[in-house]
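The values are calculated or read from the model by the stated rules, or taken from the named source; none is laboratory data. Just so we're clear, the structure is a prediction, and the values are computed from it rather than from any experiment. Cβ coordinates were reconstructed from backbone atoms using ideal geometry, including for glycine residues, and neighbour counts include every protein chain displayed. For the accessible areas, the whole protein counts, side chains as well, though only heavy atoms, and no ligand, DNA or RNA atoms are used. Shrake-Rupley method; radii C 1.70, N 1.55, O 1.52, S 1.80 Å.
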Amino acid sequence: MPWRRARRKVERPVDVSRSIEESLEEAAEGEEEEDLVELAELDGATIAEAATGEPDPDREPSDLAIKLQNALDAPHREPPRRGLESEAPHRGRLPQSAASVRETTRVKAAAPSESAHAAALPETGVDLEVEAARGLRLKNPVLTASGTFGQGVEYAELIDVSRLGAIVNKGTTPAARPGNPQYRIAETPSGILNSIGLENPGATEVARKYAKAWADLGVSVIVNVAGYSVDDYVYVVHELEGTPAVVAYELNISCPNVKGGMLFGCDPGLAAEVTRAVKAETDLPVIVKLTPNAPDVVAVARACEEAGADGLTAINTVLGMRIDTKRRRPILGTGSGGLSGPAIRPIAVHITYQVAQAVAIPIIGAGGVTNTDDALEFLMAGASAVQVGTATFADPLAPIKVIEGLAAYVGGHGLASIRDVIGVALPPTPEPDD
Amino acid sequence: MILETARVLSTSGIGQLGTVLRIAAPEIAVQARAGQFAHVRPGLSFDPLLRRPYSFNRIDRRAGEIELIVKPLGSGGEWIASRREGDGLDLLGPLGSAFVIHRGTRNLLLVAGGTGIAPMRVLAEQEAPRRNVTLLMGGRSVAHLWPSDLLPPSVEYVTTTEDGSFGVRGRVTDAIGPLLGWADQLCACGPWPMLAALGRLRDAADRAASTYPGRATLLDTQIAVEQHMGCAMGVCRACVVVTAHGNARVCREGPVFPLGEVAFDEGEPATVGVIA
Ligand SMILES: Cc1cc2nc3c(=O)[nH]c(=O)nc-3n(C[C@H](O)[C@H](O)[C@H](O)COP(=O)(O)O)c2cc1C
Ligand code: FES
């Protein structure tokens, strides 16, 4: 077989008449030695590959056997069977509830509205209502985490977002931000590292662009507020005030303060200052999102409560890093990033458990929730609600499955409501009543 | 887009390109277009966690089938590449933008580097009955080339290999010259350095007189790019590249972009400057 096929008259480079089989065999033989050397160095995947599964152009597959087999079995000798088999194509889907299946069938399957098929939903008639923050009653305790659910409109193509207790939008800053250099994401054991850099269109644009979409989706929105000064937080809240779907603010205090460089969330004084300033700006509930990277997260939690916070989210991502051993430098463009996913769940549950004993305001648990049992861990550790974040990237149905699973749990355990499990794992010392 | 539990119909190793999975995914197949991709879950657990994006390498709407080229890279890639006939596979797709072939195009030039062959094969199959199609494909060695007998017979092809094991020694840009004057439209997919090299050709054409051979074709080139992805749903912004219109998500606005809109920096995608 020639290295090119030309029937039309086009000016072409010189011909070579070796067959592809010949050349391939040569290549396979020639590579054998080289591979053995490489195999010694490359035990498994490179980091860049593991990060996303994108082929690392510099790397050969690590398995010599597969490699040679592939080279020798290449289908220019035995072309694969083409699509004429009589076998009926499999039409099954993921194991999931009937309700989820129906919803995920088609793109933009009729704008999902709460009332339209409320009667058919597994959670209907089950008391899942919680007070996720003081003054914030939600129909169920399942939220989506900031930065993992965009503005809610994107996943609305796959799931009925109006079934969620609420969504938390992407971190919103006063002005638009282009975010961080690549790479922005890397895979880790049972998790991911990210360094997005708060890329967002800015508060004014968020309000202008999504107010109507949120209302149309019938979703409750908690705006995740980020900034580099106290004024930044106040400005963002000011811009979002009066947006009908917005039911609360969540302050992302894992940002460095421009004045001192210290993260707002690492310093009880700074965290309290931001909380007070935002409380003065709005009548909506204000939730402060704790960072596990604080030296004393319980002290920060207490300071926020004293400053008037209506609730706390525990936790934001945990600082982490991966090194690309081939390029001999960190994978992420910024070096370090935030670890999320199941890898951080025990840390998040522990912080929830500690903070729940230190404050009286409600806590929203976040960190590695993938399923109903994970959510129950947080609730039992004292959280009044949970956020599903990174898990959604793997399983877009995860938040909906957790709602259905919690409903089944309440029914299956003869509970009056999901509230009956909140804090049941906490030590029996009575809470201060204030 | 659709979340579909598909079923692997057959698998075959294609040299060093990877394993080609032929998959029954009727709902995705009926919507899929060249350049778009499927985000494939690498197992049933959350470890490894991230889905892997694979560009469609064949779309057969009538049979309800797609094909993907999967390199067994990383534990997730290995898991997906090791699926066998009858295995289920959780696919999210079709995602992203697609190549647009102009109605008036008579001579279509497709340029593929390495696994960038995937969408080019879809275009070759789709466009061969309608117009003259030439595929210029390059790889590191002969084992990194798509087998020519798996291309429609009417498609002409030219091959380049970096080690000279087959066809022209060098890269696709070393062989593209004579084809540029012929083509009315150019679509390309491959590693960033290849796309950046095409970008430099385009820049040269842009500066040159209107008589420069293939100038209009180069100016109008469409490319499909790759970037590390998280959600592939447009929410996480992990996958952005810098374009003439600011940051664009490869999973949404891309992966297909006009060549002239993508910003390169020394053979790699240009990066956002702000660090915070
Ligand atoms: C890609 C990505 C982007 C994130 N962006 C934000 C953000 O803008 N604001 C914020 O408060 N938290 C952000 N987070 C943190 C999550 O909201 C959540 O607190 C954390 O990921 C832990 O939950 P998970 O393990 O379920 O993802 C982000 C997380 C990820 C993975
Ligand atoms: S991969 Fe998340 S926005 Fe593109």
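Some points to look at:
- Only protein heavy atoms count here, probed at 1.4 Å, and on that basis chains B and A bury about 8500 Å² of accessible area in total.
- Here the convex hull built on the C-alpha positions of region B:107-266 has a volume of 119 cubic angstrom per residue.
- Simple spin-label estimate for A:Asp283 and A:Ile323 in nanometres, 7 Å along Cα-Cβ: 5.6 nm
- Cα Rg, Dmax (largest Cα-Cα span) when computed across region A:201-342, Å: 16.5, 53
- Global form of region A:130-421, assessed from the alpha-carbon gyration tensor, a/c cut-off 1.5: rounded
- Rolling a 1.4 Å probe across the protein heavy atoms gives region A:130-421 an accessible surface of 31 Å² per residue.
- Sulfur and carbon atoms: percent of accessible area, region A:130-421 [1.4 Å]: 52 percent
- Over all distinct Cα-Cα pairs of region B:37-149, the Kirkwood formula returns a hydrodynamic radius of 15.6 Å.
- Between region A:220-290 and region B:220-276, the alpha-carbon center distance in angstrom: 30 Å
- Within the accessible area of region B:2-95, the carbon and sulfur atoms contribute 45%, probe 1.4 Å, all protein chains present.
- When Rg and the Kirkwood radius Rh are both evaluated on Cα atoms of chain B, their ratio Rg/Rh stands at 0.96.
- Stokes-Einstein translational diffusion, region A:271-397 - Kirkwood Rh over all Cα pairs, 1.306 mPa s, 10 °C, in µm²/s: 103 µm²/s
- Peptide B:4-12, shielding by other chains (average Cβ, 10 Å cutoff): 5
- Across region B:210-217, coupling constants 3J(HN,Hα) worked out from phi with the 6.51/-1.76/1.60 Karplus curve, θ = phi - 60°, read 5, 7, 3, x, x, 4, 4, 5 Hz, and Gly and Pro carry x.
- What the pair-distance distribution of region B:2-95 shows, using all Cα-Cα distances binned every 10 Å from zero, is 19, 57, 24, 1 percent.
- Cross-link pairs A:Lys170/A:Lys289; A:Lys209/A:Lys279; A:Lys209/A:Lys289 - those with Cα-Cα distance over 18 Å: A:Lys209/A:Lys279; A:Lys209/A:Lys289
- Per residue, the accessible area of region B:107-266 comes to 30 Å², computed with a 1.4 Å probe over protein heavy atoms only.
- Entry note, chain B: the mean residue ellipticity at 222 nm calculated from DSSP H runs of n ≥ 4, each adding -39500 (n - 2.57), is -5000 deg cm²/dmol after division by the residues and rounding to the nearest 500.
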